[in-house]
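Encoded as structure tokens, the structure appears first; notes follow it.
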Amino acid sequence: MLTDRALIERYCKSQKDRLDPGSLKKYRAILADLDRAGLAETDSRQLTRDDGAKLIRSMGGRLALITVRHRIESLSTVWRWGVEQGLVGSVPWVVKDVRGIAPQPPKPFSLEEIRLIANWLDENQSPAAGFFRFQIGTGCRTGEVIGLLWRHVSDDCRQVWIGEAVVQRTRKSVKNRKPRLITLPPSLQKWLAEYRKARGKIDPVFPDPQGRVWTASQLNWYWRKPFTALGIPYRRPYVTRKTLISHLLQHGKSPVEIANSMGHSVKTLFTYYADLVGNPELIDLLD
């Protein structure tokens, strides 16, 4: 009998060169979910969609809707791999079975909020001020900025190659294995050149106070400070990515251009940023 636990462990072992520590941690959490639902030791070949619904109900009482969806998507990935390997016959995990009231998406930062946050970090000499200025200006994922090295930056600081990321101090390829070259706006190019001149070409480009690569938890601690001081509603650093996409759309950039700059597909742009892609004023049919 190939249990659910054994199938997941076999999948993780087969993908060990591709899964980062964060992904492995996610699958450990999924195994704990299966344990709570009494499914971890079930024969993976005998699972049905009813078992999938049972797991969804079990997770739904503890986890946010988006988290449940992501975990069901991850289980689907494992079972699809299992089907390809001839280990199981079907996939019992169906994302559309995850139902509920979708949370309101986080609101992008206004230009005023962005400037207030950046200025507060500079004025209070935050060790993460440079990191966040670059992230705000480029929309890069946190791991991509953590992993940035000076060899990724052109001599004139005009272009930056985004092809590596660091997650939990482990260097890997960027998400979706889609390296990209981004061109900085003049003000950010000038700032980065001055930053390099002052610091020297010492890697990483944006180090923590000890000169090492940052961890996400360290960065989050510094990121929260200006929100408390300025009274701005808190949003995670990742919302800077949504913010840049929002403003690029407002300035007439096409979804294809934006998707290339952000390092994901146009489909992903429409799936996860649909609230930004277009919200036209409705036509008054009764007037």
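The values are calculated or read from the model by the stated rules, or taken from the named source; none is laboratory data. Just so it is clear, the structure is predicted and the values come from calculations on it, not from any experiment. So basically every Cβ, Gly included, is an ideal-geometry build from the backbone, and we count neighbours across all protein chains shown.
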Check segment 107-117 and report whether any residue there is in a loop (DSSP other than H, G, I, E, B), exposed (fewer than 13 other Cβ atoms within 10 Å of the Cβ) and at pLDDT 90 or above. no
Every residue in segment 91-106 that is without any contact (Cβ under 8 Å) to a residue 40 or more places away in the chain and part of a loop (DSSP other than H, G, I, E, B), please. VAL91, ARG99, ILE101, ALA102, PRO103, GLN104
Looking at TYR195 and the list (1) part of a loop (DSSP other than H, G, I, E, B); (2) surrounded by 12 or more Cβ atoms within 10 Å (Cβ to Cβ); (3) not β-branched (Val, Ile, Thr), which single condition is not satisfied? (1)
What are the residues in segment 51-70 that are surrounded by fewer than 22 Cβ atoms within 10 Å (Cβ to Cβ) and farther than 14 Å from GLY38 by Cβ, if any? GLY60, GLY61, ARG62, LEU63, ALA64, LEU65, ILE66, THR67, ARG69, HIS70
I'm checking my understanding of the structure. Among residues of segment 173-192 that are at pLDDT 90 or above and assigned to a strand (DSSP E or B), which one is nearest to SER23 (Cα to Cα)? ARG180
Output the residues belonging to segment 207-260 that are crowded, with 20+ Cβ neighbours inside 10 Å and more than 19 Å from the chain's Cα centre (by Cα). PRO226
